[in-house]
1. Could you work out the helix-only [θ] at 222 nm for the chain, with each DSSP H run of four or more residues adding -39,500 (n - 2.57) and the total divided by the number of residues, to the nearest 500 deg cm²/dmol?
2. Using θ = phi - 60° and the Karplus form 6.51 cos²θ - 1.76 cosθ + 1.60, what ³J(HN,Hα) does each residue of segment 61-70 get, whole Hz, x for Gly and Pro?
3. Build a GNM of the chain with springs between Cα atoms under 10 Å: which of T15, T144, T122 gets the top mean-square fluctuation?
4. With viscosity set to 0.890 mPa s and temperature to 25 °C, compute the Stokes-Einstein D of the chain, Rh being the Kirkwood radius across alpha carbon pairs; µm²/s, no decimals.
5. For segment 177-186, what does the Karplus curve 6.51 cos²θ - 1.76 cosθ + 1.60, with θ = phi - 60°, yield as ³J(HN,Hα) per residue in whole Hz, taken in order and with x for Gly and Pro?
6. Under 5 Å between amide H atoms, partner at least 5 residues away or on a different chain: which partners does F34 have, H built in plane at 1.01 Å?
7. HN-Hα J couplings of segment 24-30 from phi, Karplus 6.51/-1.76/1.60, θ = phi - 60°, integer Hz, Gly and Pro as x?
8. Among L154, L121, L31, whose mean-square fluctuation peaks in a Gaussian network model of the chain (Cα, cutoff 10 Å)?
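All of the numbers you see were taken from the coordinates with simple rules; none came from a lab. Note that this is a predicted model, so its numbers are computed, not measured.
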Amino acid sequence: MVDFTITSAWYDSATLATVSEQLTLERVVQLSSFLIESLGQLPPAKHLEREERPGFAVRATGPALLAELWHSSLLAEWLAQATAARWELRSCRHECYGPGDYSLLHDSEVGGQRLLLVYDLTEQPQALNGGHHIFNFVDGMQATCNRETGALMLALLAAGDLECIRYVSKLSSGTVRLEHALFEQA
């Protein structure tokens, strides 16, 4: 059984205030070592389906490996403290991006305010080979978030805001593995 306990440093009131402020100002925040224990070697994702829609997304997706975390009341309470809002899980999945894989900026174009959480399971971050998150916000602001194993990325998105996974170089020797959870305000 995997321990999904959040590192105590992320419960500090000053830290929570900083996370909240950064989300408000920059809309994207990456939290290193979010869980108290490294998840170590998780089993390979099961039932991955290859999604090949050129011009939209090329990747493999399947059931979330961290579904227990995404559904947990512990995470729901922490999100409420960090964002001053209540959130309900809308969807979660596991995503794998190998050499040549990507998703484009219109990948998650949906209406309304939402909170995207992405937990990085990439064993060897491939920053030079791509695979990082890119955000385009309606007001013209942009943000990029590089891979960091064990980090949780939070992105506060509004209607019309877009996110994608940058093309992973065909020279990459690894796979970008992500847990992707989308929340809507309760």
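1. -4500 deg cm²/dmol
2. Karplus-based 3J(HN,Hα) across segment 61-70 equals 10, x, x, 4, 7, 9, 3, 4, 5, 4 Hz.
3. Residue with maximal mean-square fluctuation among T15, T144, T122: T15.
4. Rounded to a whole number, D works out at 147 µm²/s.
5. With the stated coefficients, segment 177-186 comes to 10, 10, 9, 10, 10, 10, 10, 10, 4, 7 Hz.
6. L152
7. Each residue's phi maps through the Karplus curve to give 5, 7, 9, 6, 9, 9, 10 Hz.
8. Among L154, L121, L31, the largest mean-square fluctuation in the Gaussian network model of the chain belongs to L31.
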